[in-house]
Amino acid sequence: MTKAGLFLTFEGIDGSGKSSQARMLAEHLRDLGHDVVLTREPGGSDGAEEIRRLVLEGDPDRWSAETEILLFTAARRDHLERTINPALAEGKVVICDRFADSTRMYQGLSRGDLRGLVDQLHNLMIGREPDLTVLIDMDPETGLSRAKGRQGTEERFEDFGLDLQQQMRAGFLALADEFSDRFRVIDGNRDMDSVAQDVTDIVLQALR
Ligand code: TYD
């Protein structure tokens, strides 16, 4: 009999600390003897990492909003086929830094109301939600100042400014209500260890 794995995702605005939390959780679960795959989006497979460069580098107006949705979804499909599904089939815990909820927010809200299109394409090509999604909720001003401190060539959505970050925060909280069966919201405006403790409590409960 094959045991089913657990598919966990982290979501939140840029600078929310979710990537650090995902990493800390992965280490903690490995220490407890779990077989863990830590991955991220866009990316997480060779093809999807190539698409990551296409969507996050270069001129921000390089793609139309619709093309961008197709690219993020194409990256996700490859990631799912090559990394996520095989790991889950082997009974592993998959921890993914961002997933379809990020597309629902960033592509669904930032350039007009395209949420319907995002969902349609998701149903057609992905058709899979996480078992559990941890939303690290964060004050956008703090998040933005953290995120801006990082160097890099990636043209991230944090460059769109505070207004959009505020919209994203509200959007994520609304999404947590919409999918309340799988979402858990954690207050990210605290020190990393307190946040990590909450994350651990929630995930260990889900693993039981
Ligand atoms: P990420 O590497 O998670 O950056 P951070 O650690 O700063 O949160 O994500 C990079 C950017 O990609 C981020 O600005 C959000 C954006 N993004 C989308 O717009 N749509 C998506 O579907 C995903 C997964 C990410």
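What follows draws every value from the coordinates through simple rules; no lab data is involved. In this text, all values refer to a predicted model and were calculated from it rather than measured experimentally. Glycine also receives a Cβ, built like all others from the backbone with ideal geometry; neighbour counts cover every protein chain displayed.
Each of the peptides 115-128, 95-108 was scored by the mean count of other Cβ atoms within 10 Å over its residues; in descending order, highest first, they stand as 95-108, 115-128. Taking each DSSP H run with n ≥ 4 as -39500 (n - 2.57) and averaging over every residue of the chain yields -14500 deg cm²/dmol at 222 nm. For L135, the shell of other residues with beta-carbons less than 13 Å away shows a net charge of -2, using +1 for Lys and Arg and -1 for Asp and Glu. Using R0 = 22 Å, the C-beta based FRET efficiency linking D113 and S64 works out to 0.90.
Using the Cβ atoms and a cut-off under 13 Å, what net charge is assigned to the surroundings of D181, where Lys and Arg are +1 and Asp and Glu are -1?
Net local charge, D181 excluded: -2.
For the stretch 11-83, the relative contact order is 28 percent, taking Cα pairs closer than 8 Å that sit 6 or more residues apart in sequence and dividing their mean separation by the residue count.
By the count of other C-beta atoms within 10 Å, a proxy for reagent exposure, K92, K18 are ordered fewest to most as K92, K18.
Taken along the Cα-to-beta-carbon direction at a fixed 7 Å, the label points for E141 and L162 span 0.6 nm. Counting charges near L114 (Lys, Arg +1; Asp, Glu -1) among other residues having Cβ under 14 Å from its Cβ returns a value of -1. Each residue of the stretch 51-59 was assigned a 3J(HN,Hα) from its phi angle through the Karplus expression (A = 6.51, B = -1.76, C = 1.60, θ = phi - 60°), giving 5, 3, 5, 5, 8, 10, 10, x, 4 Hz with x at Gly and Pro.
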